Amino acid sequence: MKKRIAVLLALTLLLASLCGCGGVVSVSASAVPEAQRVKIALWYAPNGSPLWDNFTALLDDYNNGSGAIAGIRVSAKAFSSESELLTALSEAGAAAPAAVICGLSAALSLSGGAVMPATDTFFSAAGLGSIQSAYLDACAPDGKLMCVPLAAAPYLLLVNRSLASGAAYPDTQLATPEGVCGAAQKYNDDTGKHFFTADDFTALFRVGLAQYGDQFHASREQDIKNKHYVTLYNLLAEAAYNGGVTAVDGDAAKAVAAGELACAIVSASEIMEYAADPDTLSVLPYPVVSGGTALYPASLLTAAITASGSEDQTAAAVFLSWLLGNGDALTANSGYYPSTQALSSVSAGSGASPMAAAVTAAVKAMAANSTVSLPAPSAAGYAADAAFEASFRETLAGLN
C-alpha cells in the first residue's frame, strides 16, 4: 500500500511539472524497474493517416525513455472504427482502458455513458493555455473539459486537374458551393460522369449554415424550418439529380487521387493518406457560400482519461501531457497539425514531402483569411451526426 501511495505521489508531482511547461521535461534519473511500473492501456481508432505511424514510434520512445523514468508503461490497442471502440468501451466495465484517443464527437459522446471521463480532474482550459482556444471550447460541454485536443486536420477542396483543368474550372468558380455545383453540372454535361463528393456531408451542412450565421441541428424536423438549410439542401440535391454530385463508399480523397472523381471536400489528413502528386492535384480553400462568412471545418483528434482508479488516471494524464509536448513529432507529414499551433502559422518542416508542403501551404493561406468552425459541444452529437450522414448519403444515392 505504501508503495502504491508513493508511486501516485511521484506521478502527481511529475504531472504538475509536465502541465506547467505544456510538454516534455528533462528528468535525470534511473529507469524504474519494469515490475514496479504503473501499466496502463490506451485504446484508439486509427484512420490510416501517417499520424498513427508517428504515434506508434512515439509510444515506443516514451516506454523506453520518459515513461521508464516516470515508472509508467503504456500499451495501445487499435480498433477498426470509432464505433467499434465506443461499443467495446461501453462493455468494458472494470477492463476499461486508462485513456482513449478518438475524434471530438466520439469523445463527447462518452458523457453520461458507462465510462465517464475523468479528464477535467487533471486538465483545465486555464492550465492548457498553449492550446488553441477554439479547440478547448469544442471539448468542453457546460464548461467541463471532457477531452484534451491533440491535433487538428482542416478540411479543404481537393481537385484532380487532369480531369478538371484550371482553365475550364478555375479556382474562383470552386470557391463557393454554388460554383462547385455549377461546375458539377457542366462536367456531367461534358463527360456524363460525377464531379464532386464530400468526405463528411454533415460537416458541409454544419459549416455551410454557420457561414450564413445559422445553426445546424442534424435534425430534419428542426433544420427544415431554416431557409438557408433548404437552399443548401436543394443545391446539392439538384446537382445530384443532374449527375454532378454523388456520395462514394470509402475515402473521397482516394477517389480523386485515382481519377474517379474530379474533386472532393476532404480533410488534410485524408489527402496525406491517399494523395502523393501535387503536380496533378490542387489543394484549394474550403468553399464559402456566396455572401457568407469565411469559415472552415476541421477534424479534431482528442484524448480522454477513462480509467476509474486514481493511479491509472494520473499515469494517463502524465502520458497525455508528454504527448501534447511532442505535437510536432506526432503530426509530421500527416495532414494533422498540433493543437498548440494556430493554423495560420503552421509550417511543413524541412523533411516534409512535396504533398505535405502543398497541403500545409493551402492550410496556412486558408487559415489566414478564414476561421475554424467546430461543432457545438454535445454528448448527443455523435449519434445525430451519424444518422444524418447516413440519411443524406442514401438520398444522394437515390437521386443519382
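Since every read-out is calculated from the coordinates, none of them should be taken as a lab result. Only a predicted model underlies this, so the values are computations on that prediction, with no experimental measurement involved. Here Cβ is always computed from backbone atoms with ideal geometry, including for glycine, and neighbour counts include all displayed protein chains.
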Label-to-label distance, nm, for residues given as Ala168 and Met116 (7 Å Cα→Cβ offset): 5.9 nm
Compute the signed sum of charges (Lys and Arg +1, Asp and Glu -1) over the other residues within less than 15 Å, Cβ to Cβ, of Cys102. -2
In the neighborhood of Lys193, defined by Cβ-to-Cβ distances under 14 Å, what is the net charge if each Lys or Arg adds +1 and each Asp or Glu adds -1? -2
Just the Cα atoms of the stretch 44-161, one point each, no solvent: what log10 I(q)/I(0) does Debye give at q = 0.19, 0.22 Å⁻¹? -1.27, -1.46
Pull out the extension gain between Arg220 and Thr56, defined as 0.36 nm times the separation in residues minus the alpha carbon to alpha carbon distance; nm, one decimal. 54.9 nm
Rounded to two decimal places and with Rh computed the Kirkwood way over Cα pairs, what is Rg over Rh for the stretch 194-263? 1.02
Mean projection of the alpha-carbon convex hull of the chain over all orientations, in nm²? 19.5 nm²
Using only the Cα atoms, work out Rg/Rh for the stretch 278-340, with Rh taken as the Kirkwood radius, to two decimals. 1.17
Eigenvalues of the alpha-carbon gyration tensor of the stretch 169-285, times 5 and square-rooted, give semi-axes in Å, largest first, of 24, 17, 13
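Using the Cβ atoms and a cut-off under 15 Å, what net charge is assigned to the surroundings of Leu295, where Lys and Arg are +1 and Asp and Glu are -1?
Once all neighbours under 15 Å are counted, the net charge is -2.
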Proxy reagent accessibility, fewest Cβ within 10 Å first, across Ser219, Ser66: Ser219, Ser66
